[in-house]
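Encoded as C-alpha cells, the structure appears first; notes follow it.
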Amino acid sequence: MREGRRALRVLRGLVWLGVLAQFLAPAACLLWPDPLIYWLVSLVAWAFYALTIWIWQHRPELNWSVNRLLGMSCLLGLAWSFLPPLWENDFFRYSWDGHVLLNGINPYLFEPENPALNWLRRPVDEQVAYAWVPTCYPPLAILYFGWNEAVSQALQISPLACLRASGLLLSLAVSLLISRLAGQSWKVWVWAGNPMMLKEICNGAHYDGLCVFVVTLALLFRQQGRSFRAGLCLGLAVCLKTYPLLLAPFWVARLDSGRSRFWSGFLAGCLLPHLPFLGAGGLIWKGFLVFARRWEFNAQLLWLFKLVSGASGLEARRLSGVVLAIVLLARWGYSRIRLVDSSAFLDDSIFVLGALYLFSPVLDPWYLCWILPFLALRGNFAWLAMTGLASASYLFYLDRQATPGLIALQLLPFSVLQLGSLWQGGSRSCA
C-alpha cells in the first residue's frame, strides 16, 4: 500500500513536471531566439507533453479537470503571446487584406504592390510578403481578417495582438468542444497542451484555430445527428482553409442517414461566404492557384518524386497530385465497402489529412493543427509525434540547402512509428 502511494506521488509529480515543462520553449526562445534552440527545446517540451498524456491515459485517477487544463493552456498561450513573432510574417498579409476590405476594396482584385492602392499603404505594410500576388486566402478568411482589423481599431490595439487574443480564445473553444466529444478530460490536453499548436496560434498568430474550431463544431453536430448543421459548418470551413473539402466525401460515406441534408448544408456553407466577393469572379482563386503552382516548403515526399522520376518541380507536383488522388480514391472506395461503424470516419479523416501532409508541396508546421482534434478522439501516435518533429522545418532558416536532411529528421522517425503501429495490427493510440 505504501509503495503504491509512493508510486502515485511520483506519477503526480511527473504530471506537474510534464505540464510545467511546456513553459521551457517560450522561456528559451525569449532568451535565445534562434531556430536551432527552438527546435531542441520544442522536442523536449513535446516529450514531456507525450509523457503527461501517457500517464493520464493509463492512470485515470490522476486526470486533471477540464477547467484546470484550460487554465494551464491559457497561461501557456499567454507566455507565447508576449514574445515577438518568431520567424513568422503571415500576419502582415492578414492585416493588409483586412485593411483593404475595410476600405471597401475587394482584395481579390489587386495585389498589394499595385500602385492603385498606394493611398492605403501604411508603414507596416512594407513587410507584406509576396506583394506581387493577390490574396490566396478563401473568402471567409478575408472576412475574418476584416473583422480583426475593425476590432483592433475599435480597441486601439495592434492587429497582431488582436489576432493572438482571438486565436487563444478559439483554442479554448476548441478544447471545450473536444471535452464534449471525447468524454475524458485528459484528451483535451492533446489539443490544448500541444507545444506546436500553442506556438503557431498564440505566437505566430495563424488563423488556423478558427478553421479547426469550425471543423470541430461540425464533428459535434455530426455526433448529435444534425446532418445539415454538420455539413454547413464543414462547408464554412472550406471557405477558411480548403482541406475540409477532402473530408466531406468520407464523412458522408459513413453516415447512416441524412446524406442529402449534409450535402445541402455543405453546399450552402461553401457558397454563402463567396457572395460579398462575386465581383472578382474567377480571380477569387488566382492567388491560391499561384500558391499551389509555385510554393514549396518542407515537402515530405515531393523531393522523392523529383529524385526518382527526374522530373522538374511542376512535373513532380503533378505526379504527386495524381498519386494523392489515387490514394484518396482507394481509401474512399474502402470506406464505402467496409462500413465498420459510424465513428470510423475519424480514422478516414486522419488518413486523408495524413496523405495530404505527405504528398503536398507545402507542410508548414501550423497545418498540423488541423489533425489534432481527430487525434484527441481517435489517436495515432505517429502523427502526434509529427506535431513535434515538424519543428525541424524552422532549421530551414539556418541553411536553405539542407532541405532533404531536414525532411529526413521528420519523415524517418515518423515512418518508424507508423510502421510499428501497422506491425502491431492497428494504430498506436495515444488517446
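The values are calculated or read from the model by the stated rules, or taken from the named source; none is laboratory data. Fair warning: this is a prediction, and the values are worked out from it, not measured in the lab. Cβ placement follows ideal geometry from the backbone for every residue including glycine, while neighbour counts extend to all protein chains displayed.
Here are some residues: L283, L267, L278. Which one is of a type in the set (A, V, I, L, M), surrounded by fewer than 17 Cβ atoms within 10 Å (Cβ to Cβ), without any contact (Cβ under 8 Å) to a residue 24 or more places away in the chain and out of contact with any Ser or Thr (no Cβ under 9 Å at 6 or more places or on another chain)?
Values: L283 fails: without any contact (Cβ under 8 Å) to a residue 24 or more places away in the chain; L267 fails: without any contact (Cβ under 8 Å) to a residue 24 or more places away in the chain.
None of the other options fit; the residue is L278.
Could we say that F345 is aromatic (F, W, Y), out of contact with any His (no Cβ under 7 Å at 6 or more places or on another chain) and farther than 26 Å from W251 by Cβ here? Step through it out loud before you land on a result.
Details: aromatic (F, W, Y): yes; out of contact with any His (no Cβ under 7 Å at 6 or more places or on another chain): yes; farther than 26 Å from W251 by Cβ: no.
Answer is no for this residue.
Residue count for the range 68-85 satisfying the condition of being closer than 17 Å to G209 by Cβ, surrounded by fewer than 22 Cβ atoms within 10 Å (Cβ to Cβ) and in contact with a Pro (Cβ under 8 Å, 6 or more places away or on another chain): 1. In the set L20, L76, L40, only one residue is touching a residue at least 40 places away in the same chain (Cβ under 8 Å) and part of a helix (DSSP H, G or I); that residue is L76.
Looking at the range 146-160, which of the residues that are in contact with a helix residue (DSSP H, G or I) (Cβ under 6 Å, 6 or more places away or on another chain) and farther than 12 Å from H99 by Cβ is surrounded by the fewest Cβ atoms within 10 Å (Cβ to Cβ)? Here the answer is V151. In summary, D399 fulfils each of the numbered conditions (1) in a helix (DSSP H, G or I); (2) farther than 20 Å from A237 by Cβ; (3) more than 16 Å from the chain's Cα centre (by Cα) with the single exception of condition (1). Which condition does R254 not pass, out of (1) over 18 Å from I350 (Cα atoms); (2) over 21 Å from the mean Cα position of the chain (by Cα), if it passes all the others? In the conditions (1) over 18 Å from I350 (Cα atoms); (2) over 21 Å from the mean Cα position of the chain (by Cα), R254 misses (1) alone. Kindly establish whether I157 is of a type in the set (A, V, I, L, M) and over 20 Å from the mean Cα position of the chain (by Cα). For I157, the condition - of a type in the set (A, V, I, L, M) and over 20 Å from the mean Cα position of the chain (by Cα) - is met. Of the helices (runs of 4 or more DSSP H) lying entirely inside the range 86-199, those containing at least 1 residues that are over 30 Å from V41 (Cβ atoms) and in contact with a Gly (Cβ under 7 Å, 6 or more places away or on another chain) span 90-102, 139-155. Here Y334 passes the criteria (1) among the aromatic types (F, W, Y); (2) within 24 Å of V215 (Cα to Cα); (3) in contact with a Lys or Arg (Cβ under 9 Å, 6 or more places away or on another chain) except the one numbered (3).
Every residue, every condition in (1) at negative phi; (2) modelled with pLDDT of 90 or more, yes or no:
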position	(1), (2)
G258	no, no
W263	yes, yes
G287	yes, yes
S343	yes, no
L346	yes, yes
